[in-house]
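Worksheet for the structure shown next.
What follows draws every value from the coordinates through simple rules; no lab data is involved. The structure displayed is predicted, hence computed values, not measured ones. Here Cβ is always computed from backbone atoms with ideal geometry, including for glycine, and neighbour counts include all displayed protein chains.
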Amino acid sequence: MKKEMEYISDGSHNYLRVNCGEERKNSYQYKMITENTIRGLLPCRVRVVNGNTYLYYEIQSKQSLYYRYEIKEIDYESLKTIFFHLCQLGEELEKYFLDFNDVLFDEKYIFQNIETGETDFLFLPGEEKEKSFAAFMEYIVKRINHKDIKAVEVSYRLYDLSRQEHILVEEIKSFFDEKEESEFKTELYLKNPEDDIGDWKEKSEDWEWEDFEKNQPIKQEPEKAKMRDIIIPAALCIALTILICIKLSCVLTYGEETLLIAGVVLNIGLLIAYIVYRSWRKKKRSLEKSKREETFAMEKEDFTQKREAIAAWQYEEQEKEESYGETVFLEQEAENILCGLGKYEKTIIKLEHFPYSIGKLKEEADYVLKDNSISRLHARFYQENKSVYIMDLNSTNGTYKNGFRIPSNEKILLEEGDEIALGKIRFCYR
């Protein structure tokens, strides 16, 4: 049965309300998620309203992935943040004996704190999910920033993983661990990622394997091994010298002489065996170093090709942008305007493109309103069939049309002359 979901507000908090059914509110899974604070899950509580049992998930000051990345792309750092919290959630669920497959992988119901990147998921046990992890990965691949090579590589590997029947958290983590290890190597000969390809080539030609080897913590031979290589041969040589001196300076019986000769032979045999062992160990280290050099040379060559491809692509994009600017960049009067009212009467916001976002966080909003009543990402405007709509993006102080608070994450039609309030700032739409 598909669960009923809706966004509601009690005036001070925003919630996602889910109808969980009376028969399931006392199940083990629901008891765990409502009576414990589980990292990676939206905090929720059970409430009974008009005889119906609901789960109230608190989403105050959070944005769904769908709306956050509706008009921006996902880069590698954002991808890593999402899956770091997903892996953290998987580990937490194991502690409570909860099934990872009961997580809802729907980008509209995965929420982030856009300032900290903390990502929270919904846990809906015993329900058939409309979207699988594979479907979620299809969304990620579509929204990925294809200029970010790292993000593309990891996202497609995760997409391949999502086609498997069972998903292991350890496999997801391994993709990012491998990428971080690879990045450590490339940093050794790529000092500045903003350098042009010519400077980078010059650096790479002067780069030596020893520079990489110095950064490897296991390459240097331990001090104990060095001392052993000195002490053992010295001890054997001293013992051999003593035996020879005894032979030359003392009169021995036949039995004593036999034992002494056996000792000399054994000592010489041990010395030869140790010399052979040292030669074998040196040859083995040399082979291992050759393999490391060969492996790293291949990685270096692969990175060189990628870097050259990126440089060529950036050059082409730059030419396109310059060409674009020569022909299309024209000053046009926006047809849709928000005119400030009251003490903000001098504030005029031109809705120059759609979707158009307003908030106080510069990195997320098209227009920044610096006021403590405005959320980091407050509202967004859309245009459909020449009509303009407004959507409240789960803001703390709400968005109002003609005095009435509009529901979160729902498009509301605007008409000329409507009074719009974002927090305590009022506008007239024209």
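Between the C-alpha center of the range 347-408 and that of the range 123-155 there is a gap of 27 Å. Between residue 347 and 340, the built amide H atoms are under 5 Å apart, and every one of these is 5 or more places off in sequence or on another chain.
Note that the range 370-376 has calculated 3J(HN,Hα) couplings of 8, 8, 5, 8, 9, 7, 4 Hz, one per residue in order, obtained from phi through the Karplus relation 6.51 cos²θ - 1.76 cosθ + 1.60 (θ = phi - 60°); glycine and proline are x.
Annotation note: GluC sites (Glu not before Pro) in the range 335-372 located in DSSP loop regions with a Cβ neighbour count of at most 14 within 10 Å are 335, 345, 352, 363.
Past 19 Å, Cα to Cα, is the threshold; run 346/424; 343/424; 362/411; 108/362 against it and keep the listed order. Pairs exceeding 19 Å: 362/411; 108/362. Across the range 152-160, computed HN-Hα scalar couplings (Karplus, 6.51 cos²θ - 1.76 cosθ + 1.60, θ = phi - 60°) run 5, 4, 5, 5, 6, 5, 5, 5, 4 Hz from first to last residue, x flagging Gly and Pro.
Taking amide H as placed 1.01 Å from N in the peptide plane, residue 110 has its amide H under 5 Å from the amide H of 65, 66, each at least 5 places away in sequence or on another chain. Considering the zone a paramagnetic label at residue 232 would reach in this model (a point 7 Å from Cα along the Cα-to-Cβ line), which residues of the range 273-305 have amide N under 15 Å from it? Counting only backbone N, you get 273-285. When the C-alpha to C-alpha distance is required to be over 26 Å, the pairs from 147/173; 370/401; 25/401; 350/370; 95/142 that qualify are 25/401; 95/142. Protection proxy ranking for 250-258, 380-388, 58-66, 97-105, using the average of other Cβ atoms within 10 Å per residue and placing the highest first: 58-66, 97-105, 380-388, 250-258.
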